[in-house]
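The block underneath contains the structure these notes are about, expressed in structure tokens.
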Amino acid sequence: MAMREFLYLDARLVDQFLAQAEGGIYDEEREKSLYGRDGGFTAGASAGPVRADFKRNRTGSDETERVLKQTPESRYNRLHQYLDETEDIIAIDDHSQFADIQVRSIVAVECYVDVPVFNRAIQGADELTPLFELIQDFSPEQYDPKAAQALETMKRLNAMTGGSLVATGEVGEGHLKFAFKLDRGNLRAQLDALEGEAVVVGKVEKKWPQGKSYPLLTLPGLNLLNREARRKMEAESTNKAAAPGVADHSLEGPAATLSAIAIFR
């Protein structure tokens, strides 16, 4: 089995699906090993000095016991193996397989993962606040009220998303795209490390054909924003203070949204 380097892992979803596959969840397993052993000592009479010889045989066994602690990674590997054996996972590496994707099916997508720039900006908005305050205090002539207002908008968006973010996966030359919400608590790497070729495993929530598009922050099936927050964002999209690029950054079909279970290389 190829070793997986996990960049993202939702242990809650892993346990939820594995419990259905195996009829429950166990946290550890015990292994016992028995080893046979025998031995002896021989001696005998010979010319010259007398040497007393005899042979004594001993038989028995040694027992070794160890406890294997299950981890989110080991549980995921069991889940993936089960899905492979039951053929309940669809491997996607070409846009022509879009027709094979069904809502609620589980897919393993080989794609180029990217975190949109505006998403990075929203995530880092709180960290920029002290910098803007310093500029306002020590270099008021360089303070930009419009930029500060845009920063406040991004901070509000970050609060509305609960710190979650949207990432995308592009298959081939962009003929097929996937989007998935990532909860920061499930990240196993920095955001910059996510970018690049990887395998994204998830459950399909929504798919739409070519010619149709949705803003990334209001993608159906991701539940990134509640209804009130979506309406508020739509209202702010007409305001010049809205964060640049947020309102018009959309995902065009053919595309699908996933509930991300794991991302690994």
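Kindly indicate the residue of region 97-130 that is modelled with pLDDT of 90 or more and not hydrophobic (A, V, I, L, M, F, W, C) and also farthest from residue 259 (Cα to Cα) among those meeting that condition. Taking the candidates together, the pick is 97.
The set of residues in region 204-254 being at pLDDT 70 or above and touching a Leu at 6+ places or on another chain (Cβ under 7 Å) consists of 204, 205, 213, 214, 216, 217, 218, 219, 249, 250, 251, 254. Which members of region 79-104 meet the condition of being surrounded by fewer than 15 Cβ atoms within 10 Å (Cβ to Cβ) and either polar (S, T, N, Q) or touching a residue at least 40 places away in the same chain (Cβ under 8 Å) (or both)? Those that are surrounded by fewer than 15 Cβ atoms within 10 Å (Cβ to Cβ) and either polar (S, T, N, Q) or touching a residue at least 40 places away in the same chain (Cβ under 8 Å) (or both): 81, 86, 93, 94, 96, 102, 103, 104.
The values are calculated or read from the model by the stated rules, or taken from the named source; none is laboratory data. Note that this is a predicted model, so its numbers are computed, not measured. Using ideal geometry, Cβ is built from the backbone for each residue, glycine included, and neighbour counts are taken over all protein chains shown.
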